[in-house]
Amino acid sequence: MSRRRDEELRDEDMQSLKTQSNEEDLEEEEEEEEEEEEEEVESSDSGAGETWISSFCSMVGHEYFAEVLDDFVDDDFNLTGLGQMVPHYKQALELISDLEPSEPVKAPTIPLIEQSAELLYGLIHARFILSRPGLQIMAQKYECHHFGVCPRYYCDGTGLLPIGRYDLPGYETVRLYCPCCMDIYMPPNSRYLNIDGAYFGTTFAGLFLKTFPEIEQECSQRRQKQFELKIYGFRISELSKSGPRMKWLRQMPKTQQQLEEVENDTALKEALQEQQKNEDEEMDES
Ligand SMILES: [Zn+2]
């Protein structure tokens with residue numbers, strides 16, 4: 001019995017090897033074809049069958065980006081106002097949409113147009129991920145941990161979400177938000193440090209969590225675990241200078257009564273107003 005099973009397995013292996021080598025042959029042929037085509041069309045960077053958007057998103061360091069659907073880019077309404085923000089807008093849009101340039105492009109302007117295409121794509125992307133299909137694509141990426149996991153021990157591998165602290169490009173690069181500890185982090189790899197936070201924007205993470213409330217529900221259970229410093233087994237008093245005063249940051253009101261207390265807390269209201277004022281000033285300065 002077992003010998004026959006082994007033989008069957010070996011046959012299967014052989015077959016899979018054959019198909020693999022066939023596939024490799026095919027790939028080699030395809031590559032050769034692609035090379036030939038590239039020689040013919042020197043101006044386009046993308047290989048045969050690959051769109052500008054898919055090749056942009058598959059670049060190293062662009063893992064956080066979702067592939068914006070063609071329908072979204074084709075709809076002028078979604079691009080409202082971007083013409084004023086992006087230099088070489090028309091050529092950049094043609095590049096993103098894989099259209100032939102309507103006017104001849106001079107060689108020195110090609111790198112500028114490519115730069116503009118990246119900016120334009122980022123700004124379209126920030127709008128796309130707020131749409132229903134965009135949120136769905138980002139949810140799939142979130143499930144696969146494409147944005148990484150929180151480094152905080154008690155967050156227990158909670159997935160992070162890309163976030164920008166500003167909606168205008170040029171202020172700050174992308175940060176990662178953890179729905180469990182509700183804090184933001186620097187991306188763990190320097191390859192993400194030239195991606196503008198505005199390509200994800202300030203709204204996405206909040207809207208995402210309201211669209212998929214089950215994530216926050218899971219987090220609320222994890223959030224209850226908090227680290228506490230101890231000295232010879234004794235907790236440090238909250239009244240001590242080094243006491244665990246920041247603890248309240250991660251505590252959520254559990255009952256309606258507690259929620260009302262928060263609502264009526266004038267000190268908290270003042271603190272929030274102060275924080276808003278500081279953020280506005282920071283924005284003005286930068
Ligand atoms: Zn966390």
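The values are calculated or read from the model by the stated rules, or taken from the named source; none is laboratory data. No experiment lies behind these values; they were computed from the predicted model shown. Here Cβ is always computed from backbone atoms with ideal geometry, including for glycine, and neighbour counts include all displayed protein chains. For the accessible areas, the whole protein counts, side chains as well, though only heavy atoms, and no ligand, DNA or RNA atoms are used. Shrake-Rupley method; radii C 1.70, N 1.55, O 1.52, S 1.80 Å.
Structural remarks
- Integer Hz, Karplus 6.51/-1.76/1.60 couplings in order for segment 99-116, x for Gly and Pro: 9, 5, x, 6, 10, x, 9, 6, 3, x, 8, 4, x, 5, 5, 5, 5, 5
- Here segment 135-182 is treated as an ellipsoid with the same Cα gyration tensor; its semi-axes, largest first and in whole Å, are 20, 15, 8.
- Dipole orientation for segment 52-223: of the candidates SER54, CYS181, PHE65, CYS181 has the Cα lying most toward the positive pole (charges on Cβ; Lys, Arg +1; Asp, Glu -1).
- Förster radius 25 Å - calculated FRET efficiency between LYS230 and VAL149 (Cβ-Cβ, nearest 0.05): 0.40
- Dividing the mean sequence gap of close Cα pairs (under 8 Å, 6+ apart) by how many residues segment 135-282 holds gives a relative contact order of 16 percent.
- Rounded to the nearest 10 Å², the accessible area of TYR154 at probe 1.4 Å: 70
- Derived scalar couplings between HN and Hα for segment 88-97 equal 6, 3, 4, 5, 5, 5, 4, 5, 4, 7 Hz in order, rounded to whole Hz, by the Karplus curve 6.51 cos²θ - 1.76 cosθ + 1.60 (θ = phi - 60°), x for Gly and Pro.
- Sequentially through segment 194-204, phi angles give Karplus couplings (6.51, -1.76, 1.60; θ = phi - 60°) of 10, 9, 5, x, 5, 6, 10, x, 7, 8, 3 Hz, Gly and Pro residues having no value and appearing as x.
- For ASP183, nonlocal amide neighbours, meaning residues 5 or more places apart or on other chains whose placed amide H falls under 5 Å from its own, are CYS178.
- Rolling a 1.4 Å probe across the protein heavy atoms gives segment 52-223 an accessible surface of 51 Å² per residue.
- Long-range HN-HN contacts of VAL149 with modeled amide H, under 5 Å: LEU160
- Normalised contact order of segment 100-184, rounded percent, pairs of Cα under 8 Å and 6 or more residues apart: 15
- Note on exposure: SER190, SER240 ranked by accessible area (1.4 Å probe, complete protein assembly) read SER190, SER240, with the most exposed listed first.
- Area accessible to solvent at LEU112, 1.4 Å probe radius, in Å²: 80
- Reported value for segment 52-223: 111 Å³ per residue, from the convex hull of its C-alpha atoms.
- Segment 52-223: relative contact order as a whole-number percent, Cα under 8 Å and 6+ apart: 19
- Carbon/sulfur fraction of accessible area - segment 52-223, other protein chains in place, 1.4 Å, %: 55
- Projecting label points 7 angstrom from Cα along Cα→Cβ for ARG132 and THR51 puts them 1.9 nm apart.
- Modelled spin labels at GLN217 and GLN276, positioned 7 Å past Cα toward Cβ, are 3.1 nm from each other.
- Three semi-axes of the equivalent ellipsoid, segment 143-209, Cα gyration tensor, whole Å, largest first: 19, 13, 10
- Area of HIS146 that stays accessible when all protein chains are in place (1.4 Å probe, Å², to 10): 80
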